[in-house]
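A short worksheet on the structure shown next.
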Amino acid sequence: MPPSQTLARVDADLAAGRVPMARQRLRGLVSSFPYDLTLRRRLAEVYRLYGDAAEAGRWMYLEEDRDPDETVAFEERYGSSARRMKALAWRGPEALAATACAEERLVTLRTARAEERGRPVDWDDPASYAEDADEEHVPDTGGLTLGGVLIGLGCLAGTVAFVSVWVVGVVALFE
């Protein structure tokens, strides 16, 4: 369905008071067309209807006329550069941004994350900027736990019962 048709449905949803449906449609459009700042602006307007300043700030983050309070709310909710990159749902190079302001904000955010990681990050590779990638995986070498012991004993009892029934069956077969 073309974006214009979906936007007409969004308008109809809003006129009928179906704000959640309008929000869902706009989220789908932003996902399909991440470079379209007008779609992001419309989504921010819907979040303002909910009174959700952080989400309105999220979708207006790339705009020059963004509301400073909404921006602060967004930055507080998505406290790290990795979370902000993920929340913006941008794909591709910053050069695809419709305005110089949007491009600058994207470059600034990506650069900050790259400096934190100590290596380049890429909008198209969420694993390159993921927050959990900062933490090294430490394997669990913990000892025995009560739950683990009980599970082990249950498995052992089940195995003994199975083998016992099998042995009795084999013996009965040859009697």
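Before moving on, here are some points about what is shown:
- Subset of segment 1-56 [more than 19 Å from A87 (Cα to Cα) and polar (S, T, N, Q)]: S4, Q5, T6
- Residue-level check: of (1) in a helix (DSSP H, G or I); (2) at pLDDT below 95; (3) open to solvent by less than 60 Å² (accessible area, probe 1.4 Å), P34 misses just (1).
- Members of segment 80-125 that are assigned to a helix (DSSP H, G or I), in contact (Cβ under 8 Å) with a residue 60 or more places away in the chain and surrounded by 15 or more Cβ atoms within 10 Å (Cβ to Cβ): A102
- Residue in segment 140-175 that is modelled with the lowest pLDDT, counting only those that are in a loop (DSSP other than H, G, I, E, B) and open to solvent by less than 80 Å² (accessible area, probe 1.4 Å): G142
- Those residues of segment 8-29 which are surrounded by fewer than 19 Cβ atoms within 10 Å (Cβ to Cβ) and closer than 12 Å to R40 by Cα, in sequence order: R27, G28
- Search result, residues across segment 53-79 that are open to solvent by 30 Å² or more (accessible area, probe 1.4 Å) and under 18 Å from the mean Cα position of the chain (by Cα): E75, E76, R77, Y78, G79
The values are calculated or read from the model by the stated rules, or taken from the named source; none is laboratory data. Since the model is a prediction, treat every value here as computed from it, not as a measurement. Neighbour counts are summed over all protein chains in view; Cβ atoms, including those assigned to glycine, are modelled from backbone coordinates with ideal geometry. Heads up: the accessible areas ignore ligands, DNA and RNA and are worked out on the full protein's heavy atoms, side chains in. Shrake-Rupley method; radii C 1.70, N 1.55, O 1.52, S 1.80 Å.
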